[in-house]
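Input: a single structure, listed below in structure tokens.
The values are calculated or read from the model by the stated rules, or taken from the named source; none is laboratory data. What you see is a predicted model, and the numbers here were worked out from it, not measured in a lab. Backbone-built Cβ (ideal geometry, glycine too); neighbour counts: all protein chains shown. Protein only, heavy atoms only, side chains kept; ligands, DNA and RNA dropped before computing areas. Shrake-Rupley method; radii C 1.70, N 1.55, O 1.52, S 1.80 Å.
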Amino acid sequence: MAKRIGVLTSGGDAPGMNAAIRTVVRAAIHYNMEPWAVYRGYHGLIRGEVEPLNSRSVSGIIQRGGTILKSARSDHFRTKEGQKKAAATLEENGIDSLIVIGGDGSFKGALALQELGIKIIGIPATIDNDIACTDYSIGFDTAVNTVMEAVNKIRDTASSHERVYVVEVMGRDSGYIALFSGLAGGADVILIPEVPYDMAKVCEQIQAANQKGKTYNIVMVAEGVGQPQSPTGEFLVDESPSLAIARYIQQHTGYETRITILGHIQRGGAPTVRDRLLASRLAYHAIELIYQGKSGKMVGEVDQIVRSWDLSFALAQDKQLNLDYYHLSNILSSI
Ligand code: F6P
């Protein structure tokens, strides 16, 4: 009997997940293995939502955002009992290897399954780009392009009305989306969780820019920056940091300020070329590893070379944000 491989997507969806699923399925068939779908991530695995796939199951999906396998968060899977049920589904269906497409939470789940005897390989896919041992995770490039297009549009209205726009983007603990789309979108100020910020300085930056002739401003804020602190030290508490940031800017500069929270549109849309190529290359390597009998690995691309790392090692690393981008943006916006 050909070796059976399960594939699931888990956590927040990311554009390019479908391109990865397509490659997993077709590369598995290429290596004479049987690809099986696991629907709704670990939640579906516990409930036995599995079925075989063929090469036509993944026709016409390379260009689609989201994930045809669906995604879900599962509290049950966090328990030992849930993990045993999930492993039992795989065993009952003769699936001994599982490819997990997702972010760090999904990979922790994969390691739990490995302890129960399942061979696992992780493929990094999250728009946050907060996974170490790969320059980019699947979905990040599409997300930053989506944000950049939105910023282009916001610029039109910001310039017409001569306002400040606070644009909040995703990135729970990571400033990658804010930093890359902020630099590419020409933001005046970029606030990211990796660099503490001071609202008095933010206002000074905006005022200095406008004294040099700027008539509108874009302030890019990562959702994970935390609440702003006022110069006197007290917290300004609001539902989202960008609301408090915008209110503070308007009060302290007198400039009319608006807020745009881009939200989940950042997670959708057709994947870019970069994401499709990355997804295809990483997924192919994942299948090669399974074919070689490997387990406990994460595939990644560094300096355009695809390779693999121990998943536990990758999870233990902090993804480093290249602050050169931050300093460059500050220089360009201050001239
Ligand atoms: O992990 C990706 C991500 O998009 C984060 O940037 C964001 O904070 C989170 O998912 C939102 O998750 P949910 O879809 O559960 O609201």
Placing each pseudo-label 7 Å from Cα in the direction of the beta carbon, A200 and L323 end up separated by a distance in nanometres of 2.1
The lysines whose Cα lies under 25 Å from the Cα of K297, excluding any fewer than 8 residues away in the same chain, are K3, K70, K80, K84, K85, K108, K119, K319
With a 1.4 angstrom probe the carbon and sulfur portion of accessible area for the chain, in percent, totals 49
Ignoring ligands and nucleic acids, K319 exposes an accessible area, probe 1.4 Å, in Å² to the nearest 10, of 40
Ordering D96, D188, D318 by the accessible surface of their heavy atoms, 1.4 Å probe, largest first, yields D318, D96, D188
Taking only protein heavy atoms and a 1.4 Å probe, the highest-to-lowest accessible-area order of I62, I261 is I261, I62
Order by accessible surface, 1.4 Å probe, largest leading, for residues D303, D310 comes to D303, D310
Expected unfolding gain across E256-H161 under the 0.36 nm per residue rule, minus the alpha-carbon gap, is 33.3 nm
Magnitude of the Cβ-charge dipole (Lys and Arg +1, Asp and Glu -1) of region 27-159 about the Cα centre, nearest 20 debye, reported as 300
Counting only protein heavy atoms and leaving out ligands, DNA and RNA, the solvent-accessible surface of D128 at a 1.4 Å probe, in Å² to the nearest 10, equals 20
Rounded to the nearest 0.05, FRET efficiency between T79 and D173 (Cβ-Cβ, R0 22 Å) equals 0.35
Place a point 7 Å from the Cα of L277 in the direction of its beta carbon; the residues of region 13-40 whose amide N falls under 19 Å from it are 15-24
In the chain, taking the dipole from +1 charges on Lys and Arg beta carbons and -1 charges on Asp and Glu beta carbons about the Cα centre, the listed residue (A187, L282, G175) farthest towards the positive end is L282
Ordered by number, the trypsin sites (Lys or Arg not before Pro) in region 171-229 that occupy a DSSP loop and have at most 11 other Cβ atoms within 10 Å are K212
So for R0 = 56 Å, FRET eff. of S334-S55 from the Cβ-Cβ r, to 0.05, ends up at 0.55
Rounded to the nearest 10 Å², the 1.4 Å probe accessible area of T23 is 20
Summing -39500 (n - 2.57) over every DSSP H run of at least 4 in the chain, dividing by its residue total and rounding to the nearest 500, the 222 nm mean residue ellipticity is -13000 deg cm²/dmol
